[in-house]
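Below is one structure, written out as structure tokens; comments come after it.
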Amino acid sequence: MILLMHIDPFTYTCHISIMYILLGYLFAVITAACWTQNSIIYTFVGNRVGSSTVTHIRLWIAFPAAVMINLLFTGTLLPVNYSTLSYLLIGSSGIFGFFIADLFIFKSFQHLGARKTMVIMTLSPIFSAVISWIILKEMLSLIQIIGVLITIVGVIVVIMIESRKSDINSRPIWIIFAMAGALTQAIGMVLAKAGLSEGIHPISANVVRIGSGLGGLALFTLIRGEFINDFKKMEDRRSLYLLFAAALVGPVFGMLLALYAFSWAPVGIVTTLMQLTPIMLLPIDRYYLKKHIPAGAVWGTLIAVAGAGILFISN
């Protein structure tokens, strides 16, 4: 006798949906690890050749890699046959995320350091949640608002404790740069989420984002008269090799995972999980870079990330 097992289509669909959501969360955590590697390398290389050069040159490395991945998975070098709206949204996302945001963030890396900058970047999910509420109508609950306030408290604690030094790197301007980076990155992520909802493949979306960011940076450096000089700075072979590795891990692999995560899971949760980078940087700063980290700064970091995490737990 052959026994036929009845599978409820609704239950099966729910299980598949949950699996994709969990994969989205996992990809977001891996993305945070990619940002950890990137922040350390970009800080080091930025101190050698300049933050704007790092922002610019890495996309010349990342763009061809993203194009080849697009060819491998979709059969075309460049994204085709998508709606005009999807191109506009994803392209705008690249301008905000890979051009404007990174100019602010990489300058912050250079002056504040990777860990402190990434602590301030935990404000990004707050900005994302507010923007998503306005644009995507994703409402915030009371517990999520509490999480927002906790994150703000944690960031303030870190800023106050680690800004007691009187050197130039503690000036408020660099903190403002980091906050501007968090805001513009959040705008880019929300635009990416909206663009993905139009049906563009995440791999193709990454090509459009990197290409748009590269176009903005190329124009920016041409206007400043630094276009050729940026390439000349890459005669520093150690910086070039490190930048090559970071460009593949971050804008290509990391952002690809992030776009898949955004296409499968809520934008607020994904952005929150991507803010685990400051915690990942704590042991690296302490045991590898041999930096002294005040206990208050550690607690502030944990508070900031925990507050952002409430956006995930309470969803």
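The values are calculated or read from the model by the stated rules, or taken from the named source; none is laboratory data. Everything quoted here is computed from the prediction, not taken from an experiment. Positions of Cβ are generated from backbone atoms using ideal geometry, with glycine treated the same way; all protein chains shown enter the neighbour counts.
Quick look at the values:
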read-out	value
Test: residue in the stretch 280-298 that is under 24 Å from Phe44 (Cα atoms), among the acidic types (Asp, Glu), modelled with pLDDT under 90 and surrounded by fewer than 23 Cβ atoms within 10 Å (Cβ to Cβ)	yes
Matching residues in the stretch 253-302 - criterion: being among the small types (Gly, Ala, Ser) and not in a loop (DSSP other than H, G, I, E, B)	Gly254, Ala258, Ala261, Ser263, Gly268, Ala295, Gly296, Ala297, Gly300
Any hit, the stretch 131-141, residues being closer than 29 Å to Leu214 by Cβ, touching a residue at least 60 places away in the same chain (Cβ under 8 Å) and not hydrophobic (A, V, I, L, M, F, W, C)	yes
Answer from Gly199, Gly195, Gly181, Gly215 - the residue that is in a loop (DSSP other than H, G, I, E, B) and either farther than 14 Å from Gly91 by Cβ or over 16 Å from the mean Cα position of the chain (by Cα) (or both)	Gly199
Yes/no for Ile18 being farther than 20 Å from Val249 by Cα, in a helix (DSSP H, G or I) and either of a type in the set (A, V, I, L, M, F, W, C) or touching a Pro at 6+ places or on another chain (Cβ under 9 Å) (or both)	yes
Breaking point among (1) in contact with a helix residue (DSSP H, G or I) (Cβ under 6 Å, 6 or more places away or on another chain); (2) closer than 19 Å to Met255 by Cβ; (3) touching a residue at least 40 places away in the same chain (Cβ under 8 Å), for Tyr82	(1)
Residue under evaluation Pro251, criteria (1) at pLDDT 85 or above; (2) over 19 Å from Ala306 (Cβ atoms), criterion not met	(1)
Residues of the stretch 182-241 classified as among the β-branched types (Val, Ile, Thr), at pLDDT 90 or above, in contact with a helix residue (DSSP H, G or I) (Cβ under 6 Å, 6 or more places away or on another chain) and surrounded by fewer than 24 Cβ atoms within 10 Å (Cβ to Cβ), total	3
Matching residues, the stretch 73-94, being crowded, with 21+ Cβ neighbours inside 10 Å and under 17 Å from Leu217 (Cα atoms)	Ile90, Ser93, Gly94
The stretch 241-272: number of residues that are within 21 Å of Ile57 (Cβ to Cβ) and in contact (Cβ under 8 Å) with a residue 12 or more places away in the chain	15
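Quick grid of which residues meet (1) exposed (fewer than 13 other Cβ atoms within 10 Å of the Cβ); (2) β-branched (Val, Ile, Thr); (3) modelled with pLDDT under 90:
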{"position": "Cys14", "(1), (2), (3)": "yes, no, yes"}
{"position": "Asn38", "(1), (2), (3)": "no, no, no"}
{"position": "Tyr42", "(1), (2), (3)": "no, no, no"}
{"position": "Asn47", "(1), (2), (3)": "no, no, no"}
{"position": "Thr55", "(1), (2), (3)": "no, yes, no"}
{"position": "Leu71", "(1), (2), (3)": "no, no, no"}
